[in-house]
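Here's the structure, in structure tokens; my notes come after.
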Amino acid sequence: MKIAADRGTCIGAGMCVLTAPAVYDQDDDGIVELLVEDVPPQDAEAARQAVALCPSGALRVLED
Ligand code: SF4
């Protein structure tokens with residue numbers, strides 16, 4: 001599974017990092033960074049939850 005993170009849309013709320021810390025990080029400005037290119041199966045559910053919770057709509061599931 002792959003995730004797309006639009007750093008221009010991210011507002012730095014940090015929900016993604018709280019929800020799936022193995023997949024998402026924030027840079028010094030609080031903007032989302034992906035820690036993995038391919039989300040491993042054990043992190044997929046949390047990664048997907050983060051996509052749903054992101055308040056700015058910056059995250060998208062690209063493929064399963
Ligand atoms: S939850 Fe969305 S807005 Fe918040 S840091 Fe993550 S990508 Fe950015």
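Go through the residues of the stretch 44-64 one by one and say whether even a single one is charged (D, E, K, R) and part of a helix (DSSP H, G or I). For the stretch 44-64, residues charged (D, E, K, R) and part of a helix (DSSP H, G or I): present. Among the residues of the stretch 14-30, write down those that are assigned to a loop (DSSP other than H, G, I, E, B) and over 16 Å from Arg60 (Cβ atoms). Passing the criteria: Gly14, Pro21, Ala22, Asp27, Asp28, Asp29, Gly30. The requirement of being surrounded by 17 or more Cβ atoms within 10 Å (Cβ to Cβ), free of Cβ contacts under 8 Å to residues at least 60 places away in the same chain, near the ligand (Cβ under 9 Å from one of its atoms) and not β-branched (Val, Ile, Thr) is fulfilled nowhere in the stretch 32-49; no residue meets it. Condition check: buried (at least 19 other Cβ atoms within 10 Å of the Cβ), at negative phi and without any contact (Cβ under 8 Å) to a residue 60 or more places away in the chain. Does Ala58 satisfy that? Taking the combined requirement at face value, the residue satisfies it.
When each of Ala13, Ala4, Ala22 is tested for being in contact with a helix residue (DSSP H, G or I) (Cβ under 6 Å, 6 or more places away or on another chain) and open to solvent by less than 70 Å² (accessible area, probe 1.4 Å), the lone residue that passes is Ala22.
The values are calculated or read from the model by the stated rules, or taken from the named source; none is laboratory data. The shown structure was predicted, so the numbers you read here are calculated from the model rather than taken from an experiment. Using ideal geometry, Cβ is built from the backbone for each residue, glycine included, and neighbour counts are taken over all protein chains shown. Side chains included, ligands, DNA and RNA excluded: accessible areas come from the protein's heavy atoms. Shrake-Rupley method; radii C 1.70, N 1.55, O 1.52, S 1.80 Å.
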